[in-house]
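Asker: After the structure tokens below, expect a handful of questions from me.
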4 protein chains.
Amino acid sequence: MAKKTGDKYRAIIEAAVKVIAENGYHNAQVSRIAREAGVADGTIYLYFHNKEDVLISLFQVKMGEFTAAARQELASTADPFERLARLVHLHFTNLEADRNLALVMQIQLRQSDPGIRRGIAEPLREYFHLIEGVINYGVEMKAFRPDLDVRLARQMIFGTMDEVATCWVMSHHPYSLAGLSGQVYQLLARGLTGA
Amino acid sequence: MAKKTGDKYRAIIEAAVKVIAENGYHNAQVSRIAREAGVADGTIYLYFHNKEDVLISLFQVKMGEFTAAARQELASTADPFERLARLVHLHFTNLEADRNLALVMQIQLRQSDPGIRRGIAEPLREYFHLIEGVINYGVEMKAFRPDLDVRLARQMIFGTMDEVATCWVMSHHPYSLAGLSGQVYQLLARGLTGA
Amino acid sequence: MAKKTGDKYRAIIEAAVKVIAENGYHNAQVSRIAREAGVADGTIYLYFHNKEDVLISLFQVKMGEFTAAARQELASTADPFERLARLVHLHFTNLEADRNLALVMQIQLRQSDPGIRRGIAEPLREYFHLIEGVINYGVEMKAFRPDLDVRLARQMIFGTMDEVATCWVMSHHPYSLAGLSGQVYQLLARGLTGA
Amino acid sequence: MAKKTGDKYRAIIEAAVKVIAENGYHNAQVSRIAREAGVADGTIYLYFHNKEDVLISLFQVKMGEFTAAARQELASTADPFERLARLVHLHFTNLEADRNLALVMQIQLRQSDPGIRRGIAEPLREYFHLIEGVINYGVEMKAFRPDLDVRLARQMIFGTMDEVATCWVMSHHPYSLAGLSGQVYQLLARGLTGA
DNA sequence: TATGAATGAGGGTTCATTCAT
DNA sequence: CATGAATGAACCCTCATTCAT
């Protein structure tokens, strides 16, 4: 039970993103996800423990892929400021690349269900860890202020990117999210260095 | 129908904060809120259109009160930096004063239900407007950078405070939220001025 | 309790006819009837035992008035055929005179609730008795067939008039109900006499 | 959704007839119908859109079957009077064969709910059409009066049969309904021919 | 008499999950 | 592995009725 690989596993994940994005979390019935994925209702339960597990897995897979890619990308530059700039840019680029996924990540997944929050916590923590790595590296390299509270700094960085991204998905007027990464980087960079 | 004043109106709002904080929005049965408020189930519907309206009204009342108080408090100082400092401090103080309310505001109210999002939008917009007022004032007084993008700056300020507050309510180890306002202010102020 | 006279008693009855005709039986809330009658909800219960009693009383009053008027009108002619003709004409004229009342009588009052059926039975029985009087008189006067089964004859007369009236109120194209009384009389009269 | 065939579909229909006959439409809880049919509550909604749809479908199935059988039966005789006699006899025999069904048809189905009235209209119209066919045939064959208003004649025939049947189901003293068909036929036949 | 705010019982419906095939 | 028909628990809301004023 709950075989976490295979074509159908991915198909269900992708179907869930689409169905949840288009219908909202509460109208994303298991049967609808199954139909979109081209499998029977019961098949979902061969790959996932329950509906909540689909959501959580979706987040884990997508977030995991993003974090891994970002980790690699960031490691390829030694400049602390460049790392921060790339972080913001990757964050925005990733969301802008798949609007459905962005909708699910920024809006639909913000459920208060304890189980979901718990399942989301771990991949999120890993991303937080990545951000804190950027901060610590900047401090070590004397690029950022030495008296930075790493956790607060991370909360500022993530909080800002998250809020900017949420406003973007909610907006009725289309504009480029990645196009904002330069300015957002500037704001954050100043906060981390300062006068 | 839907008389939006009176002792019972307030009693139901307060009961809703408590019950939703303790059980989550989806496990907060109307009958439980009614019992906590000391009224009959049906009485809820004399003051609110439906369960969703309770949550929305709760937000509107609490957020409205906070925004009004903050507006007054901020107006009492002419220093742009002091205004920003007070904004952060008021934001945190307000949430720390009522942990149940904070839980509802930071966690339970983040529902993807379209109706809830819609009901929340207006009071939130007003708060955003207040924050943007602080930014614009700082720019006018030549305290903040003249090239600031007001919306991005607001997203940084709100996003940061929101993320800090969310981590605080989710934390298992108790610590003071208001106690962080100084450092958060520093981070933000630097971002708005900067080298 | 349940004072069955007075201006408000009549006002409530008339309000009930209007509200039920316009909104249907299931949307005819007591509070709506009260508002239409210009009294408080509770006042209804000073004049009626409960909502069902309003319905039943409405029927009793209206049917009683009609039966009494019809009885008098029929007595004023000695011709058995003329009596039957007048019965049909009065039945149709009465309904056509107040479309709201007709709607309530032919459609809305046809509820399956046992209480209502019971309350309606008595005034209806009196009307049936009146019809049977017309039949018996016709037989006695050797105008109608001597072998008539009075009950069946009454069922034919009432059933026919009732069906014609129901089709009339349900019809979307307006036409005169009373204008049909001549033909309906002919059909019935032939049935009662026959070759 | 709403698969309108199969054993369970029929079982639910039959269970509904029984439960509604015994408890009345408004006291016929879906869960009671489900239990009587030997299925789960939710299963009802695999075969019907909602509770109202159960009642409407019940009528459509039963009325459809009756109309079809009657159409065939009537076609097997060329005598206009015989056709009328058979119509009355079939109408009564059908109702007498299933007292529960008769109760539902004559009493419980006479709801003022717009949805029910609408759902009932079509099968009823078909039956009306059948009756009018009998009348037209009689006129064509010069058996009935040439000046008959077909609609009024149909209303007399149906209204009379309906009223006789309603009195029969409502009666506390048991007697044969089909046993009345001869006399009822006589009454109607005379009305259609007449002196 | 009259008011109208408050009461609280009661049921239709959805949908995640199962399991016989 | 895959299916999809069947399950049944869970809850919001309405509205007739009451009673303190």
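For every residue, the table says whether it meets (1) outside the structural domain of A:Tyr175 (by TED's automatic domain parsing); (2) of a type in the set (A, V, I, L, M); (3) within 16 Å of DNA strand F (Cβ to nearest atom); (4) at pLDDT 95 or above.
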position	(1), (2), (3), (4)
A:Gly24	yes, no, no, no
A:Tyr45	yes, no, yes, yes
A:Met63	no, yes, no, yes
A:Ser112	no, no, yes, no
A:Ile120	no, yes, no, no
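Asker: What number of residues in region C:37-53 are among the acidic types (Asp, Glu), more than 8 Å from DNA strand E (Cβ to nearest atom) and over 14 Å from C:Lys3 (Cβ atoms)?
Answerer: Counting residues in region C:37-53 that are among the acidic types (Asp, Glu), more than 8 Å from DNA strand E (Cβ to nearest atom) and over 14 Å from C:Lys3 (Cβ atoms) gives 1.
Asker: Yes or no: D:Gln106 away from DNA strand E (no atom under 16 Å from the Cβ), of a type outside the set (A, V, I, L, M), on the phi < 0 side of the Ramachandran plot and within 14 Å of another protein chain (Cβ to nearest Cβ)?
Answerer: yes
Asker: Could you list, in sequence order, the residues of region C:165-195 that are assigned to a loop (DSSP other than H, G, I, E, B), open to solvent by 10 Å² or more (accessible area, probe 1.4 Å) and not aromatic (Phe, Trp, Tyr)?
Answerer: Selection gives C:Ser171, C:His172, C:His173, C:Pro174, C:Ser176, C:Thr193, C:Gly194, C:Ala195.
Asker: Looking at the structure I just gave you, is C:Ala85 within 14 Å of chain D (Cβ to nearest Cβ) and more than 16 Å from DNA strand E (Cβ to nearest atom)?
Answerer: Taking the combined requirement at face value, the residue does not satisfy it.
Asker: Being near DNA strand E (Cβ under 10 Å from one of its atoms), touching a residue at least 12 places away in the same chain (Cβ under 8 Å) and more than 14 Å from chain B (Cβ to nearest Cβ) is the filter here, so list the residues in region A:1-36 that pass it.
Answerer: A:Met1, A:Val30, A:Arg32, A:Ile33, A:Ala34
Asker: Another question about this same structure. If we scan region A:142-164, do we find a residue that is open to solvent by 40 Å² or more (accessible area, probe 1.4 Å), in a helix (DSSP H, G or I), touching a Leu at 6+ places or on another chain (Cβ under 6 Å) and within 12 Å of chain B (Cβ to nearest Cβ)?
Answerer: no
Asker: Residue under question is C:Asp98, and the condition is that it be of a type in the set (Asp, Glu), within 16 Å of DNA strand F (Cβ to nearest atom) and under 26 Å from C:Gly159 (Cβ atoms); does it hold?
Answerer: Spelling it out, it is not the case that C:Asp98 is of a type in the set (Asp, Glu), within 16 Å of DNA strand F (Cβ to nearest atom) and under 26 Å from C:Gly159 (Cβ atoms).
Asker: Let me ask you something else. What's the number of the condition B:Ser171 fails, among (1) within 11 Å of another protein chain (Cβ to nearest Cβ); (2) touching a residue at least 12 places away in the same chain (Cβ under 8 Å)?
Answerer: Just one mismatch for B:Ser171, condition (2).
Asker: Please tell me if C:Phe128 is at pLDDT 95 or above and surrounded by 21 or more Cβ atoms within 10 Å (Cβ to Cβ).
Answerer: When the stated conditions are applied, C:Phe128 does not pass them.
The values are calculated or read from the model by the stated rules, or taken from the named source; none is laboratory data. Just so it is clear, the model here is predicted, and its values are computed rather than measured. Glycine gets a Cβ as well: all are built from the backbone with ideal geometry, and neighbour counts include every protein chain shown. Ligands, DNA and RNA are stripped out before the accessible areas are found, and what is left, the full protein with its side chains, is counted by its heavy atoms. Shrake-Rupley method; radii C 1.70, N 1.55, O 1.52, S 1.80 Å.
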